[in-house]
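One structure below.
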Amino acid sequence: MVAISKSPLEQLFVKPCKPNNNNSPNFPTIPLIDLSKSESKHLLVKACQDFGFFKVVNHGVPMKFISKLESEAVKFFSSPLSVKQKAGPPNPFGYGNKLLGQNGDFGWVEYLLLNAKLDSDNKNPTLSIFEEHPEKFQSLLNDYVTAVKKMACDILELLADELKLQQRNVFSKLLMDEESDSVFRLNYYPPCPELQEHEPKGRKLIGFGEHTDPQIISVLRSNNTSGLEISLKDGSWMSVPPDSNSFFINVGDSLQVMTNGRFKSVKHRVVANSLKSRMSMIYFGGPPLSEKIAPLPSLMEKEEASLYKEFTWFEYKKSAFNSRLSDNRLGRFENKKSCSLELKIT
């Protein structure tokens, strides 16, 4: 039985689009980067420039951390709805069901949003729903977040190296700061049997609507059920083959700004499956609320114009919270003249 509150299913469908020929030799493939290899620096930068999205292997995160946390998450989402609702609604942390934010976005998803700070025992009150062993879940969460955060910082430092930035930790220090505003999210997409009659027509049910991530970097791990799609430059959607042993990395809006548009924050979405459930775990690495976000002067070439106005993470987070998922959140922070000039040059 699907433990999701009822609402008109029709509003969650998206119009069929022209299918991509994934077998075409000219069709792009997701960059695969082995973090243990010396050439990973160059490949990471290229992936951030071309896609804003890539898969990493030899990531250093112990599989036992992944499997243990996922097992507990599965138990939680398998609980009766009345039990899960004790952890909601999210404010800002907690359990959510179908409603995404406060601006009219919906998806075929249940989720648990948690504080990613390791000293946050008293800041994750939702963990009290794990009545038998709340401290066990907190311990598993801490182990997982510690390992994933280290990987994210390693990637950010490799990027800084390849960009020839003097401060190797210019990006990673924002995640390492004790005031870092990072969050952890568990998304559960139940199977939707009603979808079967629509699949032959090419219709897709939205699990999580199209959006970009506002933070610096996102680290995603999912089970082996497909559903994640990224938007390509021509506006078409590309399905990302699942891989439960690897991690997928997203460039966030804040990193796009700090690199003055060199790295791209990719628009992505999740579509539901008619037969199988999908579970994803995402670490969103964010800066402190007071951190000023702007293109790095050390990265700017001579006479290069800044594409973005300076803003604090608090200002951008508030703006993103008050927008729809699919909105161009960076739009209001662009320097319009600079963007117009860039379009003319390119």
Could you please let me know if residue 232 is at pLDDT below 95, over 22 Å from residue 98 (Cα atoms) and aliphatic (A, V, I, L, M)? yes
In the range 148-178, how many residues are modelled with pLDDT of 95 or more, within 30 Å of residue 76 (Cβ to Cβ) and surrounded by fewer than 18 Cβ atoms within 10 Å (Cβ to Cβ)? 4
If I ask for residues that are part of a strand (DSSP E or B), in contact with a Leu (Cβ under 8 Å, 6 or more places away or on another chain) and among the hydrophobic types (A, V, I, L, M, F, W, C), which ones from the range 210-239 would you list? 217, 220, 228, 238
Would you be able to say whether some residue in the range 191-209 is out of contact with any Ser or Thr (no Cβ under 6 Å at 6 or more places or on another chain), open to solvent by 30 Å² or more (accessible area, probe 1.4 Å) and in a strand (DSSP E or B)? yes
When restricted to 276, 317, the only residue open to solvent by 20 Å² or more (accessible area, probe 1.4 Å) and either touching a Phe, Trp or Tyr at 6+ places or on another chain (Cβ under 7 Å) or assigned to a helix (DSSP H, G or I) (or both) is 317
Just checking, how many residues over the range 239-260 are of a type in the set (Gly, Ala, Ser) and open to solvent by less than 10 Å² (accessible area, probe 1.4 Å)? 3
Can we say residue 185 is out of contact with any Ser or Thr (no Cβ under 6 Å at 6 or more places or on another chain), among the charged types (D, E, K, R), closer than 16 Å to residue 110 by Cα and surrounded by fewer than 22 Cβ atoms within 10 Å (Cβ to Cβ)? yes
Do you know which residues across the range 320-333 are open to solvent by less than 20 Å² (accessible area, probe 1.4 Å) and without any contact (Cβ under 8 Å) to a residue 40 or more places away in the chain? 331
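The values are calculated or read from the model by the stated rules, or taken from the named source; none is laboratory data. Just so it is clear, the structure is predicted and the values come from calculations on it, not from any experiment. Note that we place each Cβ from the backbone using ideal geometry, even for glycine, and neighbour counts take in every protein chain shown. Areas reflect the complete protein model, heavy atoms only, side chains present, ligands, DNA and RNA absent. Shrake-Rupley method; radii C 1.70, N 1.55, O 1.52, S 1.80 Å.
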